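*Asks:* If you scroll down you'll find the structure; I have some questions about it.
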Amino acid sequence: MRDLEAALTRLDVRARPPRLDDADVFYAVHDAPVGTLVLAATREGTLVACSYDTEDVVAARLAARLSPRVVREPGRLDEARREVDAYVAGRRRSFDVPVSTVLATPFAQTVLGALARVPYGSTTTYQAIARAIGEPRASRAVGNALGANPLCIVLPCHRVLRTDGSLGGYAGGLDVKRRLLNLESGD
């Protein structure tokens, strides 16, 4: 996640995502050790999705938000797949593949910017994220934004817990969230 925080800081959260009508968006279905993920990237190789949603749901979102030309081409996502697998195997603590939160809403982009500052092996709460973005009463909205995180694992929403320390939710399921937290804590 090299320079991810700086990139997210520069995002204009009021801006509409650009439509890339003259470019393709590529995706792959990846059977990762933590479940089936749909990965998607722009022609330039910027990762825009790492999602537990189904292939059809992700493809429709990509077509609506980025480009009507969505192509399944797994080879273009080999590096992202290798990084996800290395992370889940405990051989990687961050990601080098470039990312964009273009599929997230403006509010969710703000939430993901705060999330990017939570270090490997640490946790935070939905309430702490809400406070960090200047919306102390928005814990539930933060949870909803994280539930729609288009870049699961890469932007580690599994690091966010309820105020009482319980797991809350996770798109990949609570067993996967627990596994990722245990991986990061060294258990």
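*Asks:* Which condition number does ILE129 fail, the rest of (1) crowded, with 21+ Cβ neighbours inside 10 Å; (2) modelled with pLDDT under 95; (3) over 22 Å from ASP53 (Cα atoms) being met?
*Replies:* With respect to (1) crowded, with 21+ Cβ neighbours inside 10 Å; (2) modelled with pLDDT under 95; (3) over 22 Å from ASP53 (Cα atoms), ILE129 is out only on (2).
Quick grid of which residues meet (1) more than 18 Å from the chain's Cα centre (by Cα); (2) of a type in the set (Asp, Glu); (3) within 18 Å of ALA86 (Cα to Cα):
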{"residue": "ILE129", "(1), (2), (3)": "no, no, no"}
{"residue": "ALA148", "(1), (2), (3)": "no, no, no"}
{"residue": "HIS158", "(1), (2), (3)": "no, no, yes"}
{"residue": "VAL176", "(1), (2), (3)": "no, no, yes"}
{"residue": "GLU184", "(1), (2), (3)": "no, yes, yes"}
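*Asks:* Name the one entry in ARG76, ARG82 that is basic (Lys, Arg) and modelled with pLDDT of 95 or more.
*Replies:* ARG82
*Asks:* Still on this model: Can you list residue pairs whose Cβ atoms sit under 8 Å apart, with the first residue in segment 129-141 being hydroxyl-bearing (Ser, Thr, Tyr) and the second being assigned to a loop (DSSP other than H, G, I, E, B)? Count only pairs 6 or more apart in sequence or on different chains.
*Replies:* Hits for this filter: SER139/THR163.
*Asks:* Would you pick out the residues in segment 149-178 that are among the small types (Gly, Ala, Ser) and either buried (at least 18 other Cβ atoms within 10 Å of the Cβ) or closer than 20 Å to ASP31 by Cα (or both)?
*Replies:* Answer for segment 149-178, where residues must be among the small types (Gly, Ala, Ser) and either buried (at least 18 other Cβ atoms within 10 Å of the Cβ) or closer than 20 Å to ASP31 by Cα (or both): GLY168, ALA171, GLY172, GLY173.
*Asks:* For segment 100-143, enumerate the residues that are under 25 Å from SER185 (Cα atoms) and either hydroxyl-bearing (Ser, Thr, Tyr) or not in a helix (DSSP H, G or I) (or both).
*Replies:* Across segment 100-143, the qualifying residues are ALA116, ARG117, VAL118, PRO119, TYR120, GLY121, SER122, THR123, THR124, THR125, TYR126, SER139.
The values are calculated or read from the model by the stated rules, or taken from the named source; none is laboratory data. Everything quoted here is computed from the prediction, not taken from an experiment. Positions of Cβ are backbone-derived with ideal geometry, glycine not excepted, and every protein chain shown enters the neighbour counts.
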